[in-house]
Amino acid sequence: MFEPHAYVQLWSLPFAIASTLVVFAALVYLRGWRSLRNAFPNLIPGWRLAAFMGGLVSVWTAVASPLAALDHHSLTIHMLKHLLLMTIAAPLVLAGAPAFAMACGLPKLFITSAGRRRPARWLERCLMHPGLCWLAGTAAVIGWHLPVAFQWGMHSHWVHDLEDLSFLAAGFLFWCPIVQSSPCATQSPRWSMALYLFLATLPCDILSAFLVFCNRLVYPYYLATPQLFSMASLQDQECAGALMWVWVTFAYLIPAVAITVQILSSSNTQSQGSIRTARHIAAGLSRNGAKVL
């Protein structure tokens with residue numbers, strides 16, 4: 001049997017750093033949110049505060065909770081961590097509109113009155129391009145699950161930390177065109193965002209299907225470590241692939257369906273408005289014609 005307490009102790013410094021950063025971000029955001037709430041009550045509603053805090057809790061769960069110490073013993077938990085970072089934590093943090101609230105929450109010492117320079121604005125527009133955001137999310141998922149990169153991350157604590165950080169950063173980039181809660185959001189047509197999400201499911205589906213149906217152990221690391229839940233390593237791999245397959249399908253396609261419904265509802269409302277306007281004009285012309293006659 002493995003000893004989780006020894007492993008948690010080995011990771012105590014990264015856990016402490018991650019926990020401190022999460023608490024610091026929560027306090028800064030809360031301070032800024034309260035200041036904005038007092039000055040502009042309707043600017044950042046309470047649900048955004050709840051979303052941001054929920055996102056931070058998800059980050060902490062993935063990188064600093066006891067769950068994080070178990071991913072070296074189960075590919076399913078390893079996959080769960082990455083899904084939490086990319087599909088739960090990242091969109092929830094973005095939904096909290098963090099840029100404005102945290103800027104207001106920081107001490108004045110850290111805030112400069114000068115506006116952003118043109119190169120910075122150009123770089124921001126390039127980074128927030130939907131094509132690049134889509135590639136960032138896809139590259140993080142596929143790249144870190146290549147056997148060489150995966151084995152490297154499992155044998156090096158620092159590479160493992162970099163892996164978690166890259167999943168979170170890729171999640172922010174991927175969801176930024178969808179959530180559109182800050183100035184970094186793109187102004188792409190909404191219909192393209194439904195296609196954006198649908199296409200993002202394809203690489204994940206291919207990877208997860210491979211893990212489920214390949215009938216061989218892709219990551220030999222788990223042969224040398226005790227397994228959780230008394231599962232064989234191959235069964236754990238199949239469970240991880242199935243988890244990714246189902247989770248990503250719902251996480252990406254549900255927002256795509258919601259965006260499609262929103263577009264159709266908006267189009268229907270505009271059509272009804274145009275019909276009502278045409279009827280009013282026709283009625284006015286009829287009344288004027290009747291008077292002339």
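The values are calculated or read from the model by the stated rules, or taken from the named source; none is laboratory data. Everything numeric here is computed off the predicted structure, so don't read it as measured data. No Cβ is skipped: glycine too gets one built from the backbone with ideal geometry, and neighbour counts run over all protein chains shown.
The table for this structure:
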| read-out | value |
| --- | --- |
| In the stretch 125-161, the residues that are hydrophobic (A, V, I, L, M, F, W, C), at pLDDT 90 or above and over 19 Å from Y219 (Cα atoms) | L132, C133, W134, L135, A136 |
| Positions within the stretch 239-256 being more than 24 Å from Y196 (Cα to Cα) and surrounded by fewer than 20 Cβ atoms within 10 Å (Cβ to Cβ), in sequence order | C239 |
| All positions within the stretch 37-46 that are exposed (fewer than 13 other Cβ atoms within 10 Å of the Cβ), closer than 22 Å to P91 by Cα and either touching a residue at least 12 places away in the same chain (Cβ under 8 Å) or among the polar types (S, T, N, Q) (or both) | N42 |
| Search result, residues across the stretch 206-220 that are surrounded by 15 or more Cβ atoms within 10 Å (Cβ to Cβ) and not hydrophobic (A, V, I, L, M, F, W, C) | S208, Y219 |
| Residue that is surrounded by the fewest Cβ atoms within 10 Å (Cβ to Cβ), among those in the stretch 50-71 that are free of Cβ contacts under 8 Å to residues at least 24 places away in the same chain and in contact with a helix residue (DSSP H, G or I) (Cβ under 7 Å, 6 or more places away or on another chain) | L67 |
| Filtered residues of the stretch 25-49 (kept if closer than 20 Å to P107 by Cα, out of contact with any helix residue (DSSP H, G or I) (no Cβ under 9 Å at 6 or more places or on another chain) and part of a loop (DSSP other than H, G, I, E, B)) | F40 |
| Matching residues, the stretch 219-260, being within 16 Å of I77 (Cα to Cα) and not in a helix (DSSP H, G or I) | Y219, T225, P226, Q227, M231, A232 |
| Some residue of the stretch 176-187 being among the small types (G, A, S), surrounded by 15 or more Cβ atoms within 10 Å (Cβ to Cβ) and part of a helix (DSSP H, G or I) | no |
